[in-house]
Amino acid sequence: GAVVSQHPSWVICKSGTSVKIECRSLDFQATTMFWYRQFPKQSLMLMATSNEGSKATYEQGVEKDKFLINHASLTLSTLTVTSAHPEDSSFYICSAGRQGNSPLHFGNGTRLTVT
Amino acid sequence: EDQVTQSPEALRLQEGESSSLNCSYTVSGLRGLFWYRQDPGKGPEFLFTLYSAGEEKEKERLKATLTKKESFLHITAPKPEDSATYLCAVHGYSSASKIIFGSGTRLSIRP
């Protein structure tokens, strides 16, 4: 089956620093990847749609200058949390799907803690 | 606007006690309805896709069904390892590439 790999699985950083999270589709090419944020006991909140070779599409209320997305190849998208603050601490999950009506497959998430 | 509502929010069952989780949806043209399982600290794991009313899918103790307004995830004789959060998501024709998730049902199975 389709596999999506996300790295790192957890990261602790100091306030004001930047953190990069990688999302890779291992056995298929993904022209579109999605980045979600999840708070404890809540569902997935779509942050942005990452499009290979073009700019990401951000959801309303998501700061594009704080959450930088790069989708440089058909198998890799990165999310950089810039100038992180404690309120950015959360569980970030990426996903990708094949074309058409295919379901999304998710990475195992990255637990970000900003101190 | 596409919407997904899951109920109950949480469900505690005894091992072997069968039950059903509900996913009600509103979408202008359904492209697909998806069920996922999510364990704590992990990303969602894909379970089923349903495309049209009347369709059913089964996997071990789980069976997913679909009508024009809702989907059910039936759990037969559950075991403690079935404890997880179950997420429902819909993909509608009006929402372009977006898939909308429900808030999930936290299922706990007591031995």
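Summary table below
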quantity: Matching residues in the range B:12-41 - criterion: being of a type outside the set (Ser, Thr, Tyr) and closer than 14 Å to B:Cys88 by Cβ; calculated: B:Leu21, B:Asn22, B:Cys23, B:Val27, B:Leu30, B:Gly32, B:Leu33, B:Phe34, B:Trp35, B:Arg37, B:Gln38
quantity: Lone unmet requirement of (1) polar (S, T, N, Q); (2) surrounded by fewer than 18 Cβ atoms within 10 Å (Cβ to Cβ); (3) away from chain B (no Cβ under 14 Å) for A:Gln42; calculated: (3)
quantity: Unique residue being closer than 18 Å to B:Tyr36 by Cα and hydrophobic (A, V, I, L, M, F, W, C) when the list is A:Ala96, A:Ala72, A:Ala56; calculated: A:Ala96
quantity: Odd one out for A:Ala48, checked against (1) small (Gly, Ala, Ser); (2) touching a residue at least 12 places away in the same chain (Cβ under 8 Å); (3) not in a strand (DSSP E or B); calculated: (3)
quantity: Subset of the range A:12-23 [in contact (Cβ under 8 Å) with a residue 60 or more places away in the chain and either polar (S, T, N, Q) or under 14 Å from A:Tyr92 (Cα atoms) (or both)]; calculated: A:Ile12, A:Ser15, A:Thr17, A:Ser18, A:Val19, A:Lys20, A:Ile21, A:Cys23
quantity: From B:Leu11, B:Leu87, residue being farther than 26 Å from A:Ala30 by Cα, of a type outside the set (Gly, Ala, Ser) and assigned to a strand (DSSP E or B); calculated: B:Leu11
quantity: Residue within the range B:95-107 that is out of contact with any Pro (no Cβ under 7 Å at 6 or more places or on another chain), closer than 16 Å to A:Gly97 by Cα, in a helix (DSSP H, G or I) and of a type in the set (Ser, Thr, Tyr) present; calculated: yes
quantity: The range B:39-57, subset within 16 Å of B:Ser71 (Cβ to Cβ) and part of a strand (DSSP E or B), residue farthest from the other protein chains (Cβ to nearest Cβ); calculated: B:Glu56
quantity: Yes/no for A:Ser102 being small (Gly, Ala, Ser), under 28 Å from B:Ser7 (Cβ atoms), at pLDDT below 95 and in a strand (DSSP E or B); calculated: no
quantity: Every pair of residues 6+ apart whose Cβ atoms lie under 6 Å, when the first sits in the range B:29-49 and is touching a residue at least 60 places away in the same chain (Cβ under 8 Å) and crowded, with 16+ Cβ neighbours inside 10 Å while the second is β-branched (Val, Ile, Thr) and not in a loop (DSSP other than H, G, I, E, B); calculated: B:Phe34/B:Thr49; B:Gln38/B:Thr85
quantity: Every residue from the range B:96-111 that is more than 10 Å from chain A (Cβ to nearest Cβ) and either under 11 Å from B:Gln3 (Cα atoms) or crowded, with 17+ Cβ neighbours inside 10 Å (or both); calculated: B:Thr105, B:Leu107, B:Ile109
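Table: residues versus (1) more than 16 Å from A:Leu112 (Cα to Cα); (2) touching a strand residue (DSSP E or B) at 6+ places or on another chain (Cβ under 6 Å); (3) not basic (Lys, Arg).
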| residue | (1), (2), (3) |
| --- | --- |
| A:Ser50 | yes, yes, yes |
| A:Lys55 | yes, no, no |
| A:Gly61 | yes, no, yes |
| A:Asp65 | yes, no, yes |
| A:His71 | yes, yes, yes |
| A:Leu76 | yes, yes, yes |
| A:Leu79 | no, yes, yes |
| A:Pro86 | no, yes, yes |
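Okay, residues lined up against (1) away from chain B (no Cβ under 14 Å); (2) within 25 Å of B:Val90 (Cβ to Cβ):
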{"site": "A:Arg37", "(1), (2)": "no, yes"}
{"site": "A:Thr49", "(1), (2)": "no, yes"}
{"site": "A:Ala56", "(1), (2)": "no, yes"}
{"site": "A:Gly61", "(1), (2)": "yes, yes"}
{"site": "A:Leu68", "(1), (2)": "yes, no"}
{"site": "A:Ser73", "(1), (2)": "yes, no"}
{"site": "A:Phe91", "(1), (2)": "no, yes"}
{"site": "A:Arg98", "(1), (2)": "no, yes"}
{"site": "A:Thr113", "(1), (2)": "no, no"}
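The values are calculated or read from the model by the stated rules, or taken from the named source; none is laboratory data. A quick note: this is a predicted structure, and the numbers were derived from the prediction, not measured. Counting neighbours? That spans all protein chains shown, and the Cβs are built from the backbone with ideal geometry, glycine included.
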